[in-house]
Amino acid sequence: IKGQQRQLQQLFENLLANALKYSKPDGVPEITIEASLVSGKEVAIQRNLNGIEGETRYHLIRIQDNGIGFQQEDAERIFTVFTRLHGNNEYKGTGVGLSIARKVAHNHGGYIWAESRQDEGATFNVLLPAE
């Protein structure tokens, strides 16, 4: 992946930190990281991404955890700056980590989206152009 090292580092640090922060209090955190090379066409059909280049190759990085998860209807809202689904008493934070992650993905010509179910963990998908 070509790009700004510090920005990409921050993107993945934020995603991994969230996976650990939102782990279940009575469980052992498990994080799975997978990467694959996909065509824009494959992902555009699955995700209905506007503006994605059909023949462009992308790195698809999936970070999946077994944490507390969230309601799928909040999957877009969590990327808005200062948005928090939990009170500061439950989980410390500023609500900017995921908005930074989205900004970094967009700065690099990519996308990020989340999939989750309450109490069943979350999966964050990062799509970045392969050069």
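The values are calculated or read from the model by the stated rules, or taken from the named source; none is laboratory data. None of these values were measured; they are calculated from a predicted model. Ideal geometry is used to build each Cβ from the backbone, glycine not excepted, and the neighbour counts take in all protein chains shown. Areas reflect the complete protein model, heavy atoms only, side chains present, ligands, DNA and RNA absent. Shrake-Rupley method; radii C 1.70, N 1.55, O 1.52, S 1.80 Å.
A few notes on this one:
- Answer from LEU11, LEU49 - the residue that is over 16 Å from GLU120 (Cβ atoms) and either outside any loop (DSSP other than H, G, I, E, B) or at pLDDT 90 or above (or both): LEU11
- Any hit, the stretch 62-80, residues being modelled with pLDDT of 95 or more and of a type in the set (A, V, I, L, M, F, W, C): yes
- Filtered residues of the stretch 95-111 (kept if free of Cβ contacts under 8 Å to residues at least 40 places away in the same chain and closer than 11 Å to ASN14 by Cβ): VAL96, SER99, ARG102, LYS103
- Cβ-Cβ under 8 Å pairs, at least 6 apart or on other chains, the stretch 117-129 side under 17 Å from LEU15 (Cα atoms), far side acidic (Asp, Glu): GLY121/ASP65; ALA122/ASP65; ALA122/GLU115; THR123/ASP65; THR123/GLU115; ASN125/GLU115
- Residue ID - modelled with the lowest pLDDT, chosen from residues in the stretch 107-129 that are among the polar types (S, T, N, Q), more than 17 Å from SER39 (Cα to Cα) and open to solvent by less than 30 Å² (accessible area, probe 1.4 Å): SER116
- The C-beta contact set for the stretch 55-81 (first residue aromatic (Phe, Trp, Tyr), second residue open to solvent by 20 Å² or more (accessible area, probe 1.4 Å) and at pLDDT below 85, distance under 8 angstrom, 6+ apart or interchain) comprises PHE70/LEU85.
- Of everything in the stretch 12-41 that is among the aliphatic types (A, V, I, L, M) and touching a Lys or Arg at 6+ places or on another chain (Cβ under 9 Å), the residue that is surrounded by the most Cβ atoms within 10 Å (Cβ to Cβ) is VAL38.
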